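Written below as structure tokens is the structure these notes are about.
Nothing in this text is a laboratory measurement; each read-out follows from the coordinates by a stated rule. Bear in mind the structure is a predicted one, so any value in this text is a computation, not a measurement. Here Cβ is always computed from backbone atoms with ideal geometry, including for glycine, and neighbour counts include all displayed protein chains.
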Amino acid sequence: MQPVSLRNVSKVYHLDAVEVAALNAVSLDIEAGRFTVISGPSGSGKTTLLNLIGCIDRPDRGEVVVAGQAVQAMTDDALSDFRARHIGFVFQNFNLLPVLSAYENIEYPLLLGKVAPAERRRRVRDLLDAVGLAERGDSRPGQLSGGQRQRVAIARALVHAPALVLADEPTANLDRQTGASIIALMHTLQQERGVSIVVSSHDPHVQAAADASVFIRDGLIVASKEEAAA
Ligand SMILES: Nc1ncnc2c1ncn2[C@@H]1O[C@H](COP(=O)(O)OP(=O)(O)O)[C@@H](O)[C@H]1O
Ligand SMILES: [Mg+2]
């Protein structure tokens, strides 16, 4: 099933009396099992686009369909339940809970989802291993490097086996080499687990890792392409 389809989607922010058109009639299809990178300068609308794809926000106009579900047809409660079950998020500043260990941060979405304890342990250990942190499950975020924190966040985003993982500038707070290792890890996990991943970035190095690319400027998609290797 196609993970994401947008048709003529517009979003306007109201800042006092000023209207900011963040997205202008954007149409976009994201194919399943791809590592898609949305590139564009700061202020071009990347975060707005990811928030609409991630059902964190709703469009002013147009149609957003995620995993076959039309977002506008859902109530706010149904939408947050849908989001929790089908979408994983990775953020620029990691957004880990500082008082929880790496293990507990990864486990957290499963507690909300009422997954049985033995199954929780199995999944958390599998993902700690998959992100190269099998020995660091007891560490709190403050005891981990930036790259390690982002690995924990990636494991947390994948722990409920979502169809779609969205990452908004996941390497922006990391040095280039660490950022490259995070992108390589996400690409590997995308292929191993068959999940669709959409990453936003203004870094050309991230764009170079894409199976499919979308370029956005001033709230408009100016180009998109599928890599032949995908
Ligand atoms: N909450 C908001 N209120 C007002 N304007 C906003 C808000 N969020 C974003 N914008 C504006 O919308 C445009 C797109 O922003 P954004 O999606 O954050 O771009 P990017 O992530 O590419 O930097 C920018 O002009 C930004 O200033
Ligand atoms: Mg942004």
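Of the DSSP H helices in the chain, not one has a Cα length along its own long axis of 20 Å or more together with a mean Kyte-Doolittle hydropathy reaching 1.0. Taken one residue at a time, the phi angles of the stretch 11-26 give Karplus couplings (6.51, -1.76, 1.60, θ = phi - 60°) of 9, 10, 9, 10, 10, 6, 8, 8, 9, 10, 7, 7, 9, 10, 6, 7 Hz. Gly and Pro are set to x. Per residue, the chain reaches -10500 deg cm²/dmol at 222 nm when only DSSP H runs of four or more residues are counted, each adding -39500 (n - 2.57).
Taking every DSSP beta bridge that has both ends in the chain, the antiparallel portion is near 55%.
Distant-in-sequence amide contacts of Gly88, defined by a placed amide H-H separation under 5 Å and a gap of 5 or more residues or a different chain, comprise Leu164, Val165, Leu166.
Amide H contacts of Ala22 (H built 1.01 Å from N, in plane; Pro and chain starts excluded): Lys11, Val12, Tyr13 sit under 5 Å, all sequence-distant by 5 or more or on other chains.
Under a model in which nothing but the beta-carbon of Lys, Arg (+1) and Asp, Glu (-1) is charged, the chain shows a dipole of about 480 debye around its Cα centre. Cβ crowding within 10 Å, taken as a proxy for footprinting-reagent exposure, orders Tyr13, Tyr103 from fewest neighbours to most as Tyr13, Tyr103.
The order of the peptides 195-208, 174-187 by mean Cβ neighbours within 10 Å, most packed first, is 195-208, 174-187. Pairs of Cα atoms nearer than 8 Å and 6+ residues apart set the relative contact order; for the stretch 1-82 it is 37 percent.
When the chain is described by a simple charge dipole with +1 on each Lys and Arg Cβ and -1 on each Asp and Glu Cβ, the residue from Ala73, Leu185, Leu49 located farthest towards its positive end is Leu185. Computed over the chain, the P(r) curve from all C-alpha pair distances, binned at 10 Å from the origin, holds 8, 33, 36, 19, 4, 0 percent per bin. Taking packing as the residue-averaged number of other Cβ atoms within 10 angstrom, the listed peptides 123-134, 68-79 run from highest to lowest as 123-134, 68-79. Taking a straight Cα-Cα cut-off under 16 Å and skipping sequence neighbours fewer than 8 places away in the same chain, the aspartates and glutamates within cross-link reach of Lys225 are Asp29, Glu31, Asp211.
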